[in-house]
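The values are calculated or read from the model by the stated rules, or taken from the named source; none is laboratory data. In this text the structure is predicted, and so the values were computed from the model without any measurement. Here the Cβ positions follow ideal geometry from the backbone for every residue, glycine too, while neighbour counts run over all protein chains shown.
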Amino acid sequence: MQHTFPILLKDQILNSWRSKKAVLFLILYLSVFLLLALGFIHIQARILEQFEQQGITQTQQNLAFGFAKNALRSQNNQVIDFLINVPFINLALFLVTIFGTPLLVMLLNYDKIAQEVYDGTLRYLLFRVSRFQLYLTKFLGSLVECALITLVALLFALVWASFQLKGLDFGVTLAYGIRFWAIGQVFLSVFVAFAMMFSTFFKKPFTALIVGATVLFLLFILPFWIDYLSPYDVKYLTGLFYNNSLELAETLGVYVLFTILFWLIGWWNFSRKDL
Amino acid sequence: MDYALTTDMLVKHYGRKTTLQGVSMHVPRTGVYGFLGVNGAGKTTTFGILAGFIKANSGTFVRSGTLSVMPQDARFFRGRKAANQLEFLAALSSVAPQLRKKEALRVLEQVGLADKGHVSPEKMSHGMYKRLGIAQALLGNPDILLLDEPTAGLDPESAFQIRTLVTELAVSKTVVISSHNLHEISEISQTIGIIHEGRMRFEGPLEELTKTGSRVEFHITPSLDPARIGEYPWLLEKTYAADTQVLSVSFDPEQASLEEVNWTISELLHRHQVGVRQIVVGTPLEESFLELVGKKEGV
């Protein structure tokens, strides 16, 4: 790897925050995320109050909220044990992250390549650095961008929750929050690679967005893909919900493989196309 | 001969259309190589392949030394100061960290934009934007510069400044400049390459193309029958165009110098009491260009 790699990577990370579009999506995402988080916190606070009056425990609360529905269906005691010990707010925010963030990732990355080809800004770089470096640094820059956005959103929500929810152990909530956030990054990296891949196939950024968003939607509803990539009822996502390292490794492995697959297809196309 | 850049049979297809049909170039070290062609001839595609923007279907190229490009349709990032963008590009051009600021300022000075470093490129005039494009190509002091239509769309003063800059740069560098402005190319280039419909139609020294060492035109009044000029060992061809009243003489430079031919013909015309309005050495580049481009098409 040449010495230009860190320079390019730094620029790609900073460049993400220079775009008005990125800032707009970031504000929009943070607003929606925090709004949903506040909603969950508010609901939980009210229901907790009622539960306390009726003498219902934390374990029963989580089950009552229905987040262990799939786990119960699977009859997996480990999953149930894990879920009932996770603070409700962590589960809620994690589900919001994996359901909502792929869309944000698409919106931030659909034009990562297409826009620069369209604008001609890549041309001042292409004779100075390799295409491989360009593609890799763009991908890594997007991962960092995604990680920062989701981390900031999560921390805001958790701090707010700690003020609003009586008896919430902030240390435990933060630990679970970071765990889910880290795992979520592996899941989201699939969508970063996916969006970038689409960005290499179309000359017009808008076309890339429309096709990419359509395929993303299809991924979420098509039976075959549901098992793998849709955050709804996914087969492999259950690995995230209990302390079985083998199952977790399998889950993460599947997502890493998808990331590599999409990345390689995108890279293959980027390396051979005329810019 | 020592070449800075050579290409061998570059071929490029876009779907069914073949843009380059085997382009071979031989660019000598230092000096200006004028790459001429009408719009769509294949100049930008050739530059694109050399710069790595475009993948050739076949063919190879070899360069000796570092290469930098001013692409025709490239854009700087919006909302970022010109100097900052140059510093970033300098970093990618292997300029040491402590020298990047200086390097950005140096190239800005070189193109006459020393006081515009704080301006975002999109706020610059078209001429300034072009010069900034040349400035980025100068970062890191490359050996070979490819300038794709650097004066297209510029006012005469800006175009003159760029031509002057190119001439200065060509003292120590190899500059390949593409253009369809024949006058401009003939002013600054020592070597010419003419591309048409994806094929090289000519490549060689400017004098060879314009025949400055083997052809003289005498603009005369009144008319003269060329037969009255007589025969000389060095005389290859003599023609007279009645509509323009131009007597053209082609000669073998190995048998007679330009001065000898001039003197001989002038004396002869004087003897026949024919006045000379103007003497033009060689063929205008435009004429040679059209001849090369048109002949093959049967135009």
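Can you tell me which residues in segment B:83-115 are within 21 Å of B:ALA170 (Cα to Cα) and more than 14 Å from chain A (Cβ to nearest Cβ)?
Once the filter is applied, which keeps residues that are within 21 Å of B:ALA170 (Cα to Cα) and more than 14 Å from chain A (Cβ to nearest Cβ), segment B:83-115 yields B:LEU105, B:ARG106, B:LEU108, B:GLU109, B:GLN110, B:VAL111, B:GLY112, B:LEU113.
Tally the residues that are of a type in the set (D, E, K, R) and at positive phi, restricting the search to segment B:139-164.
Residues meeting the conditions: 1.
Only residues that are under 18 Å from the mean Cα position of the chain (by Cα), β-branched (Val, Ile, Thr) and on the phi < 0 side of the Ramachandran plot: list them for segment B:30-66, please.
Correct list: B:VAL32, B:VAL38, B:THR44, B:THR45, B:THR46.
When you go through (1) under 24 Å from A:LEU93 (Cβ atoms); (2) modelled with pLDDT of 60 or more one by one for A:ASP233, which number turns out not to apply?
It fails just one condition, (2).
Just checking, how many residues over segment B:82-99 are touching a Pro at 6+ places or on another chain (Cβ under 9 Å) and either modelled with pLDDT of 95 or more or closer than 14 Å to B:ALA135 by Cα (or both)?
Final tally of qualifying residues: 3.
Looking at (1) in contact (Cβ under 8 Å) with a residue 40 or more places away in the chain; (2) over 21 Å from B:ILE177 (Cβ atoms), which is the only condition B:ALA74 fails?
Single failed check for B:ALA74: (2).
Do we have any residue at all in segment A:131-146 that's in contact (Cβ under 8 Å) with a residue 24 or more places away in the chain, basic (Lys, Arg) and out of contact with any strand residue (DSSP E or B) (no Cβ under 6 Å at 6 or more places or on another chain)?
So far as segment A:131-146 goes, yes, one or more of its residues are in contact (Cβ under 8 Å) with a residue 24 or more places away in the chain, basic (Lys, Arg) and out of contact with any strand residue (DSSP E or B) (no Cβ under 6 Å at 6 or more places or on another chain).
Which of the residues belonging to segment A:104-142 are outside any helix (DSSP H, G or I) and away from chain B (no Cβ under 11 Å)?
Once the filter is applied, which keeps residues that are outside any helix (DSSP H, G or I) and away from chain B (no Cβ under 11 Å), segment A:104-142 yields A:TYR110, A:ASP111, A:LYS112, A:ILE113.
Which members of segment B:12-41 meet the condition of being within 14 Å of chain A (Cβ to nearest Cβ) and out of contact with any helix residue (DSSP H, G or I) (no Cβ under 6 Å at 6 or more places or on another chain)?
B:HIS13, B:TYR14, B:GLY15, B:LYS17
Suppose we filter segment B:182-222 for residues that are outside any helix (DSSP H, G or I) and in contact (Cβ under 8 Å) with a residue 24 or more places away in the chain; how many remain?
27
Is it the case that B:SER186 is crowded, with 19+ Cβ neighbours inside 10 Å, farther than 19 Å from B:THR46 by Cβ and out of contact with any strand residue (DSSP E or B) (no Cβ under 7 Å at 6 or more places or on another chain)?
Yes, satisfied.
Only one of B:ALA159, B:ALA74, B:ALA135 is buried (at least 17 other Cβ atoms within 10 Å of the Cβ), within 24 Å of the chain's Cα centre (by Cα) and within 10 Å of another protein chain (Cβ to nearest Cβ); which?
B:ALA74
Report, by residue number, each residue of segment A:112-155 that is modelled with pLDDT of 90 or more, closer than 18 Å to B:ALA91 by Cα and among the polar types (S, T, N, Q).
Listed by number, the residues that qualify are A:SER130, A:GLN133, A:THR137.
Can you find even one residue in segment B:53-63 that is out of contact with any strand residue (DSSP E or B) (no Cβ under 7 Å at 6 or more places or on another chain), closer than 26 Å to A:PHE132 by Cβ, within 14 Å of another protein chain (Cβ to nearest Cβ) and surrounded by fewer than 21 Cβ atoms within 10 Å (Cβ to Cβ)? Before you say what the answer is, go through the steps one by one.
The initial filter retains those residues of segment B:53-63 that are out of contact with any strand residue (DSSP E or B) (no Cβ under 7 Å at 6 or more places or on another chain), namely B:53, B:55.
In the following step, the residues that additionally are closer than 26 Å to A:PHE132 by Cβ were identified as B:53, B:55.
In the following step, the residues that additionally are within 14 Å of another protein chain (Cβ to nearest Cβ) were identified as B:53, B:55.
Add one more test, that the residue is surrounded by fewer than 21 Cβ atoms within 10 Å (Cβ to Cβ), and what stays is B:55.
Yes.
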